[in-house]
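Student: Supplied in structure tokens, the structure appears directly below.
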Amino acid sequence: MSLPPRLRRWADRLADEGHQVYITLTRNRTAMIRIQTLSRRKTSIRLHEHFAEAPLSVLRDLAKFILHRDNTAWKRVVAYSQNITIPPDPNRPVAIQTQGIYFNLARELTFVKKKYFDEHLAARITWGKRGNPQRKKRRSIRFGSWHEDEKLIRVHPLLDQEWVPKEFIRYLIYHELCHAVAKPHQDAQGRHRVHHADFKQLEAQYPNFKEMEKLSQEIFNRLIRERL
Ligand SMILES: [Zn+2]
């Protein structure tokens, strides 16, 4: 991707101040902005292409951070990046894989929707991709995630085990569907809140919620122990 003139000019102004920035535009939705200090006067910046349209104030704040390590300015840049909504890329179809060895996620999703929400709730589900086998010991596993753009739940493939209770899979789906209903918002301090009070209240309505939380920890411990 070539650099839009606006960002080019912005970089040139920083260069005038004696600071060289190397900008790469990305379509990375999870890391909208990544800054790497190369030296005192050189910084590499990976930006989501949406930043090319950012308000001037945001670009100024970013410059303040790069030139003067102004953390207040940086917070405003982060707040801006968290509020960007990017329409889903229609050219990137999602591969849906619901049939596992032990669980059929489509069946469980239908069950959970009907029982606790609305069977017409817009939500799809898939097993996530298995990453490369990790040589390093795992320290975290994200069991599930909700992708609002795609209205999609991804479930970690490690959970497709004989010993994982079906009830846990259902609880996990319930948690992710709570995200579809109790959407993230910004609090008074401008922080992006995902598991906010409304969310937690809804989540806690799940039968045996406390037991499910405990089970979640036990499953996690076992997966770590078995180095899967
Ligand atoms: Zn969550």
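Student: Run Ala182 past the list (1) within 14 Å of the ligand (Cβ to nearest atom); (2) in contact (Cβ under 8 Å) with a residue 60 or more places away in the chain and report the number of the one that doesn't hold.
Tutor: (2)
Student: Only one residue in Thr37, Thr43 is surrounded by fewer than 19 Cβ atoms within 10 Å (Cβ to Cβ) and polar (S, T, N, Q). Which one?
Tutor: None of the other options fit; the residue is Thr37.
Student: Something else: Between Asp61, Asp70, which is at pLDDT 90 or above and crowded, with 19+ Cβ neighbours inside 10 Å?
Tutor: Asp61
Student: Ala197 - would you say it is within 25 Å of Val78 (Cα to Cα), touching a residue at least 24 places away in the same chain (Cβ under 8 Å) and assigned by TED's automatic domain parsing to the domain that holds Lys129?
Tutor: no
Student: Filter segment 141-159 down to residues that are free of Cβ contacts under 8 Å to residues at least 60 places away in the same chain and more than 10 Å from the ligand (Cβ to nearest atom), then give me how many there are.
Tutor: Initial filter on segment 141-159 (free of Cβ contacts under 8 Å to residues at least 60 places away in the same chain): 142, 144-148, 151-157.
Checking which are more than 10 Å from the ligand (Cβ to nearest atom) leaves us with 147-148, 151-157.
Residues flagged as free of Cβ contacts under 8 Å to residues at least 60 places away in the same chain and more than 10 Å from the ligand (Cβ to nearest atom) within segment 141-159 amount to 9.
Student: Which of the residues that make up segment 160-179 are assigned to a helix (DSSP H, G or I) and away from the ligand (no atom under 11 Å from the Cβ)?
Tutor: Matches in segment 160-179: Lys166, Glu167, Phe168, Ile169, Arg170, Tyr171, Ile173.
Student: Also, quick follow-up: All but one of (1) within 25 Å of Ala95 (Cβ to Cβ); (2) within 16 Å of the ligand (Cβ to nearest atom); (3) not in a loop (DSSP other than H, G, I, E, B) hold for Glu213, so report the exception by its number.
Tutor: Unmet condition: (1).
Student: Moving to a separate point now. Of everything in segment 186-210 that's more than 14 Å from the ligand (Cβ to nearest atom) and touching a strand residue (DSSP E or B) at 6+ places or on another chain (Cβ under 9 Å), which residue is farthest from Glu148 (Cα to Cα)?
Tutor: Applying the filter and picking the extreme gives Asp187.
The values are calculated or read from the model by the stated rules, or taken from the named source; none is laboratory data. Just so you know, these numbers come straight off a predicted model, no measurement behind them. Note: ideal-geometry Cβ built from the backbone for every residue, glycine included; neighbour counts use all protein chains shown.
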